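I have placed the structure first, in the form of structure tokens, so that the comments after it can refer back to it.
Please treat every number below as a calculation from the coordinates, not as lab data. Just so it is clear, the model here is predicted, and its values are computed rather than measured. Please note: Cβ atoms are built from the backbone with ideal geometry, for glycine as well, and neighbour counts cover all protein chains shown.
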Amino acid sequence: MSGCLDNCRMPECEWLNLAERRNAIATIISGGMFFIGWWLMIDALAVYQDHKQLHPATIVCGVVGTIALFMVNSVSNAQIRGESYNEGCLGQTGARVWLFIGFMLGFGALIASSWVLFGLYVVSHDAIHRDKWPGIAVFLHNTLIFFGSLIFKFGRTEDLWG
């Protein structure tokens, strides 16, 4: 599963060797996306303190997305392939089910945030929801967490770990 970004090569520069720093770059980018996502949500919750403009329950989408980030990245690719995880009650099948549930939670959080954006803020004709920023913040929050999770999972190589 980690092979989808293995063919991506950085430009060759003598003074800048980024190939050895692939894990660090992927970690910094995904961590930055995670930080910016939560920063946007905290900003929206601080600005729109009226529960009619932005209900605090919309933060559940981001919490589920964060749990999905941890679930997806807690399973290594070697465990999915069955190379390093043979013990336990479920073995390779358990690792695959865990990863599948993590991706389902991530996609579910992204779909729920899309529903919040379009259902409550874009299509709504209420005078309360005229300002679209709370819905955009919820959507960007979950989008950045989801893509940060994907970059952290597939942007790193496991060759340097062992």
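Just a few scattered comments:
- Using every pair of distinct Cα positions in segment 21-154, the Kirkwood expression returns a hydrodynamic radius of 15.9 angstrom.
- Note, ³J(HN,Hα) from phi for segment 96-111, Karplus 6.51, -1.76, 1.60, rounded to Hz, x at Gly and Pro: 5, 5, 4, 5, 5, 5, x, 5, 5, 5, x, 5, x, 5, 5, 5
- For segment 21-154: relative contact order, % (alpha-carbon pairs under 8 angstrom, 6 or more apart): 42
- Residues Thr143, Thr93, Thr58, Thr27 arranged by fewest to most Cβ contacts within 10 Å: Thr93, Thr27, Thr143, Thr58
- Taking other C-beta atoms within 10 Å as the exposure proxy, Lys153, Lys132, Lys52 rank Lys52, Lys132, Lys153 from fewest upward.
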